Amino acid sequence: MYDVCIIGSGAGGAPIAYELANAGFKVVVLEKGANYTEKDFNKDELAVSRRDMFTPPLSEQKHIINEYAPDGSFTRYDGEKSGWNFWNGSLVGGSSNLMSGYFHRLKPNDFKLKSVYGEIAGANVLDWAISYEELEPFYDKVEKIVGVSGKIVAHKHQEPRSSLTFPYPELQTNGVTKWFDNACEVLGYESIPTPRAVLSQDALKRNSCYYSNFCGSYGCASGAKGSARAALLQKCDAKIITDAFVYRLESDAKRVTKAYYYTKLGFAHSIEAKIFVVAAQAIESSRLLLNSKNKFFPQGLANSSGEVGKNLIFSAGGSGQGRFVFEKLTQTQQKELMTTGLFFNRSLQDWYEYEAEGKKYKGGTIDFLFEHQNIIPRVKREMYDEEGKLLWGEALATKIHKTLTTSRVLTFEVFNDWLPTNNCSVGVDEKTKDKYGVPVGVINLNGHPHDLAVGEHLAKKAVKVLEKMGAVEISYNISSAPPPNLVAGGCRFGEDAKTSVLDKNCKAHDLENLYVSDASFMPTGGSVPYTWTIYANSFRVAEVIKKELRA
Amino acid sequence: MKNRLSRRNFLKSSFLSSSVMVMSGCSLFSITTPQETLRVLEDDLFPKAKALGINTSSYLHIVFHHSRISKAEKTYLKNGVKWLNEEAVKLHKTTYVKLLSTQREEVLQNFAKTAWGEDYLADVMNYLFEAMLGDPIYGGNTKEAGWKWLNFEGGQPRPKERYV
């Protein structure tokens, strides 16, 4: 029997595997996808970005999506027929292999949203069961073990830190960042070098970033990116079983006894362990618990509260862009603009909290980055004229060539809280099965109007920077469209077993040996990408499990 | 093994060369193949690709037999060949490939006036750009000609094998 069985090998599961295996415990990790190493990763745009090689085909595994309108009605989408894809990365290390690694910590007020900013009608806002101070040592641990590069600059929303600096210096940046910094200075904004989970020098037995120009969406061929695989799983001897899809957890009234999984060929196996940790990413973790209902837990495993799957959240906000054209630049600036490989790495958090009309609002983060270097979407975008009419022939060739060789797009991404609501949740559809014959997850989607108002506020600030920098064709889109890779909630943690699934240590209230350690525990999401917080919390939970196993 | 490969090659070639029945009203007017029409259509939509030496037709073989491109998408590509040819028959009483270039341009202009016609042409160009700007290992972007035209350098490391 294993000491610990972890379901999912991404940022939520890997820290526990790393800590427990390195402490001498017998750990097994069940991963649905295949294993890839640095040697396997390449920059094949067709395979990675257009044929989705790291996610399951929707014809075999999909979701049912119910999109709610403000009046409470909803439209049902079949993931396969609509192409609406909520998979993020089925491979050892999960989607952390494919992240861009924009690493921001939550801030102290993110842990007490209800207390600080008050209730919001129609939203289920709560304070967290822990404080920033309790998580801070684990944020610090992630900096050192996973590897975070950057430069601390003083700004009004800088969160408290136990280490003065990041362990690794900031990555090299493109000359255009100077234009950005100058624009911010004129506007009175505080430009922040974006911390990245990317090594800027050889360290931690991994190679430095080699500025491949293709970071987000792609696996890292040097190991510089702090994926759960490169940073943690490759540095411990936890047993990893690949192509293992866990479809059910078996339990008695108090304890989980077995995890059942299917191999790629459909053979069923089971694993016994003292402790089980679910970390399959928020939607799939709730789905697994709901699909594991039994006579002791007829509503789903660990679901006596009826809260499993509830209060699913994403990152609210949206994105925008502006274009820099040669006609408005000097030759030196043109050269700076077209230099590829180097990062942009600039963020603004001036409005992480702001006041409007005498009221205090929780705001968010704006990250700035060059448009992704994938060339096919950049070319395809030129296929239409200003009136939206399809072009072809010489006219199209001329437009493509001019746009791609004499201009470049700087984009921004807005991150603000996606308020939890009753109509944003996970369920299962008993009638719709995946290729394994297991009921698929149902994703109920609902955006709160407050999220859009905050996103708009932030986007308008970003637009001012682009204008000041001299960009043209500036536009943005703030919407309730959920970013599938920024998902959390569904198994909230809390003190009260009647209103939460997990206790403050992310152990199920209902069971003695079941933990959920991905982003499912988060009652609110904060206004930054989640990965750093998922890593930190998983290291925290690892400490708890270690103590329990030693007791 | 040899027989299995032959069988696979036969299947690969058969989809692109399968028959597309072109109707004129309720009557069968002619029979063409996706390969025949798409080869000419791609040259008409983006002649620069041919000028650069891009091998779009070999890439179409990959598209029609790719494990991650749905059957519905492949059928759509094939059906569009029928729709385009029927537009050609309606306007000029013959199939698309038999028209003069000015006549084909007229067919395209008419075809693109409908949303579904425009969407189809965009879909064909989507695969054309994949051929032209994907990694050369897929056989379309010969000598990186598509990348060089746009001063683009592919990311490193490059793939060692095709993902199909």
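The values are calculated or read from the model by the stated rules, or taken from the named source; none is laboratory data. For clarity, every value in this text was computed on a predicted model and none was experimentally measured. Cβ atoms come from the backbone with ideal geometry, glycine included; neighbour counts cover every protein chain shown.
Some points to look at:
- Selection within region A:124-180 - assigned to a loop (DSSP other than H, G, I, E, B), closer than 27 Å to residue A:229 by Cβ and of a type in the set (Asp, Glu): A:170
- Leading residue by the ranking (farthest from the chain's Cα centre (by Cα)) among those in region B:113-128 that are closer than 15 Å to residue B:44 by Cβ and at the interface with another protein chain (Cβ under 7 Å from one of its Cβ atoms): B:118
- Pair list, Cβ < 6 Å and 6+ apart or interchain, from region A:29-55 residues that are more than 7 Å from chain B (Cβ to nearest Cβ) and under 27 Å from residue B:59 (Cβ atoms) to residues that are modelled with pLDDT under 95 and crowded, with 18+ Cβ neighbours inside 10 Å: none
- Residue within region A:288-310 that is in contact (Cβ under 8 Å) with a residue 40 or more places away in the chain, under 30 Å from residue A:104 (Cβ atoms) and among the polar types (S, T, N, Q) present: no
- Among the residues of region A:87-105, those that are over 18 Å from residue A:200 (Cβ atoms), polar (S, T, N, Q) and part of a loop (DSSP other than H, G, I, E, B) comprise A:88, A:90.
- In region A:205-263, the residues that are in contact with a Cys (Cβ under 7 Å, 6 or more places away or on another chain), hydrophobic (A, V, I, L, M, F, W, C) and within 14 Å of chain B (Cβ to nearest Cβ): A:224
- Only one of B:53, B:25 that is more than 13 Å from chain A (Cβ to nearest Cβ), in contact with a helix residue (DSSP H, G or I) (Cβ under 9 Å, 6 or more places away or on another chain) and surrounded by fewer than 22 Cβ atoms within 10 Å (Cβ to Cβ): B:53
- Subset of region A:464-475 [closer than 14 Å to residue A:348 by Cβ and crowded, with 17+ Cβ neighbours inside 10 Å]: A:465, A:466, A:468, A:469
- Within region A:315-338, being in a strand (DSSP E or B), in contact with a helix residue (DSSP H, G or I) (Cβ under 9 Å, 6 or more places away or on another chain) and not basic (Lys, Arg) holds for A:316, A:317, A:318, A:319, A:320, A:321, A:322, A:324, A:325.
- Of all residues in region A:168-191, those satisfying the criterion of being crowded, with 19+ Cβ neighbours inside 10 Å and farther than 26 Å from residue A:335 by Cβ are A:168, A:189.
- So residue A:541, is it surrounded by fewer than 17 Cβ atoms within 10 Å (Cβ to Cβ), in contact with a Phe, Trp or Tyr (Cβ under 9 Å, 6 or more places away or on another chain) and β-branched (Val, Ile, Thr): no
- Flag for residue B:134 being touching a residue at least 60 places away in the same chain (Cβ under 8 Å) and within 10 Å of another protein chain (Cβ to nearest Cβ): yes
- Selection over region A:121-151 of residues that are crowded, with 19+ Cβ neighbours inside 10 Å, among the aliphatic types (A, V, I, L, M) and farther than 14 Å from residue A:101 by Cα gives a count of 6.
- Among all residues of region A:392-405, there is at least one that is among the β-branched types (Val, Ile, Thr) and buried (at least 16 other Cβ atoms within 10 Å of the Cβ).
- Of the residues making up region A:309-351, just one is of a type in the set (Val, Ile, Thr), under 22 Å from residue A:175 (Cβ atoms), at pLDDT 95 or above and under 31 Å from the mean Cα position of the chain (by Cα), namely A:339.
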